[in-house]
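The values are calculated or read from the model by the stated rules, or taken from the named source; none is laboratory data. Bear in mind that the values here come from a model prediction, so they are computed numbers and not experimental data. Cβ coordinates were reconstructed from backbone atoms using ideal geometry, including for glycine residues, and neighbour counts include every protein chain displayed. Each accessible area value is taken on the protein alone, full model and side chains, heavy atoms only, with ligands, DNA and RNA left out. Shrake-Rupley method; radii C 1.70, N 1.55, O 1.52, S 1.80 Å.
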There are 2 protein chains.
Amino acid sequence: MTLSSNAGIAVRSAAAAVPLTDDQRLDWLRLIRSDNVGPRTFRTLVKHYGGARAALSALPDLARRGGATRPVRVPSRQDAERELTAARSLGVTLVALGELDYPQRLAMIDDAPPLLAVRGNAAALSLPMVAIVGARNASAAGIRFAERLARDLGAAGFAIVSGLARGIDGAAHRASLATGTIAALAGGHDQIYPPEHAALAEAILAQGALISEMPMGWEPRARDFPRRNRLISGLAAGVVIVEAARRSGSLITARMALEQGREVFAVPGSPLDPRAEGTNDLIKQGATLVTQADDVTIVLRPILSDILGQPIELAAEEPEPLAPLNPEPAGSDRERIAGLLGPTPASIDDLVRLSGCTPAVVRVILLELELAGRLERHGGAQVSLGWDRDR
Amino acid sequence: MTLSSNAGIAVRSAAAAVPLTDDQRLDWLRLIRSDNVGPRTFRTLVKHYGGARAALSALPDLARRGGATRPVRVPSRQDAERELTAARSLGVTLVALGELDYPQRLAMIDDAPPLLAVRGNAAALSLPMVAIVGARNASAAGIRFAERLARDLGAAGFAIVSGLARGIDGAAHRASLATGTIAALAGGHDQIYPPEHAALAEAILAQGALISEMPMGWEPRARDFPRRNRLISGLAAGVVIVEAARRSGSLITARMALEQGREVFAVPGSPLDPRAEGTNDLIKQGATLVTQADDVTIVLRPILSDILGQPIELAAEEPEPLAPLNPEPAGSDRERIAGLLGPTPASIDDLVRLSGCTPAVVRVILLELELAGRLERHGGAQVSLGWDRDR
């Protein structure tokens, strides 16, 4: 990382002072849009190769060594330019992790999107944020409460984050249009879902913003929503669940919030109301019970100041490459690791212990398998051998 | 205390093996029905004088020294016999604190009634108990939930305690008629309130019981209900509040439960439902959230076994009198204490410190003032000077 000339500035400010060049942004975009490259793999690759450009060169070979049966798809520079142009034409900016406009709290989650597509009033992303999410088939009372809470938290200076869904999400956005609200999309910016919320999405842009990590044109599939939910909780200092049945999507957001160290709040309801089962359960498990905005602000205000002192792990791209991927694993190491892996998740620690390989070698082999589309990562540093869905 | 011949029996069993004689029961009844004698004063008097008979003799003089302007009313032996006969004719038994049939947990509260008037199936009073209380103007959902909870806790082996009120209380009793339910009355046994619950009260008698500390013929006044609430919480290992607005009577029961070291449970509800404001507040303050019977039993089961090892402070009356009230305060001590007291509550510790009297002397003087109807006791060992309402 090139330090800013003012050596007294904190790490974050220094990083923030170095935006990506246009070329680097294209490289980042190509890398994150490549087959089997998610935010975590992106981070590992950039760290190992010293930059996205070098990682892009190494990618095909890594995947081949990992057992890929056909070449991984890496978008061309022209593909990336087309996406940037399409984004720009809709008023969408691609903000890189480490840049000044990147939402500060989101930058701290493990799997923060390297590039965040932002449309609207980016200033909203620098407000303290609280997420309000809940049932799509919300009750009239749930809708009314979500509106009241969003309005009061908006008046208290918070931007309201939600998922633009029907029900609670929509109510939370609508009630905070004037104070600033952020909708995290599961698809591309030109694929607003549900379609009847297109006007709401437009209305958000004046004081708030829409964000997405997906490419333009991406129509959201069912499995994109849980993935999107980590952005909702990741942006916010806390997440309020207003109505949620058992095993509902809002509870996924609550779980992600906990994993990310965010505060979880839940609105109680009658034990006879199925839409309160999830929220009552959350309270039993320790979530803060919410009946008014104060219940949220009392918990969050002391936390908001904490963020300033925190360093960001991945700052804007470092121009000088680090040492090349090292050590180079031997073929026998690869066989040993692949032999230890199966469909049941195993801990990376166990792989190191049982294979006799160094942690660095194990990490490289897992990266190769991942890029070949053969590895699945689970929580708690567990991995299993999967199969490329496209085979 | 006369120890039972079987010296191996625990203190409680020994005490329980010594029921009051008929004469003693009459003395106890006369003492507790005397002017300005509540359960705490009763306990102090019996402790100081070694028995109710001696306390009855000392009473007029104590009250006079405390500044009573006219003689305190002490029921005659005939009055007490009339009450016993009236009780018996309705099938009501007067159980004394320390006797085998006295509810074990209730015996442990500071202000346990010395005599508890019990009607119905006394066996229900030896079951583990949980109280279910709540709003009189309950919602249909609240009623339904109270019924379900009472039925499930009844099936789990608990007797259900409540206050025979309209709404939640009535629902809790009705749903536990078959398994055993206890109604704590605010008036006498022949003054069922509300009158439309007379049939419910009768139905309770088969498997459960009605209890009261008030005399036969006593029509409950507004201020008798909070006083009665301490019996509801005192009988039970835990109290479940089903629906309660802010500042409602059920919250008094919850507060008393906390003071008595009972578990407090609350049923959540929508923040937009005024009947859930009290219960949601309780959960915010640490009450256990309840959506099903298991939430209660998981907390209470480990507690239920604790009670067996506990000694009871006041066992059945001790036949040999203790030393007479000692030390005798000087007139100047009385003036000094009375001078320090006013309408604002003061701590007894402060009275001792500021008066220079010994704690024993202060205790005696406060007892005199209390019997004269001039002292009011507050929580946290605070007292203030009041005025006899009858003056």
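Specify which of the listed residues (A:Arg119, A:Arg166, A:Arg174, A:Arg151) is touching a Lys or Arg at 6+ places or on another chain (Cβ under 7 Å) and not hydroxyl-bearing (Ser, Thr, Tyr). Outline the logic, then answer.
Working: A:Arg119 fails: touching a Lys or Arg at 6+ places or on another chain (Cβ under 7 Å); A:Arg174 fails: touching a Lys or Arg at 6+ places or on another chain (Cβ under 7 Å); A:Arg151 fails: touching a Lys or Arg at 6+ places or on another chain (Cβ under 7 Å).
Testing whether each residue is touching a Lys or Arg at 6+ places or on another chain (Cβ under 7 Å) and not hydroxyl-bearing (Ser, Thr, Tyr) leaves just A:Arg166.
So, in the range B:210-256, exactly how many residues are within 16 Å of the chain's Cα centre (by Cα), outside any helix (DSSP H, G or I) and aliphatic (A, V, I, L, M)?
Selection size over the range B:210-256: 6.
Take the residues of the range A:152-168 that are away from every other protein chain (no Cβ under 14 Å) and open to solvent by 50 Å² or more (accessible area, probe 1.4 Å): which is nearest to A:Gly278 (Cα to Cα)?
A:Arg166
From the list A:Arg88, A:Arg70, which residue is without any contact (Cβ under 8 Å) to a residue 12 or more places away in the chain, open to solvent by 30 Å² or more (accessible area, probe 1.4 Å) and assigned to a loop (DSSP other than H, G, I, E, B)?
Numbers: A:Arg88 fails: assigned to a loop (DSSP other than H, G, I, E, B).
The unique qualifying residue is A:Arg70.
If B:Leu100 meets every condition in (1) outside any strand (DSSP E or B); (2) open to solvent by less than 10 Å² (accessible area, probe 1.4 Å) apart from one, which number is that one?
Every listed condition holds for B:Leu100 apart from (2).
How many residues are facing chain A (nearest Cβ under 8 Å) and surrounded by fewer than 24 Cβ atoms within 10 Å (Cβ to Cβ) if we restrict to the range B:259-269? Break it down into steps so the answer makes sense when it comes.
At the first step, the residues of the range B:259-269 found to be facing chain A (nearest Cβ under 8 Å) are B:267-269.
Going one step further and asking which of them are surrounded by fewer than 24 Cβ atoms within 10 Å (Cβ to Cβ), we end up with none.
Summing the residues that are facing chain A (nearest Cβ under 8 Å) and surrounded by fewer than 24 Cβ atoms within 10 Å (Cβ to Cβ) in the range B:259-269 gives 0.
I'd like to check something: does the range B:200-207 contain any residue that is in a loop (DSSP other than H, G, I, E, B), away from chain A (no Cβ under 14 Å), at pLDDT 95 or above and in contact with a helix residue (DSSP H, G or I) (Cβ under 9 Å, 6 or more places away or on another chain)? I'd like the intermediate steps shown before the answer.
Filtering the range B:200-207 down to residues in a loop (DSSP other than H, G, I, E, B) leaves B:205-207.
Filter once more, keeping what is away from chain A (no Cβ under 14 Å): B:205-207.
Filter once more, keeping what is at pLDDT 95 or above: B:205-207.
Narrowing the set further to residues that are in contact with a helix residue (DSSP H, G or I) (Cβ under 9 Å, 6 or more places away or on another chain) leaves B:207.
Within the range B:200-207, one or more residues are in a loop (DSSP other than H, G, I, E, B), away from chain A (no Cβ under 14 Å), at pLDDT 95 or above and in contact with a helix residue (DSSP H, G or I) (Cβ under 9 Å, 6 or more places away or on another chain).
Name every residue in the range B:108-143 that is over 28 Å from B:Gln24 (Cβ atoms), open to solvent by 10 Å² or more (accessible area, probe 1.4 Å), touching a residue at least 12 places away in the same chain (Cβ under 8 Å) and part of a helix (DSSP H, G or I), in order of residue number.
B:Ile143
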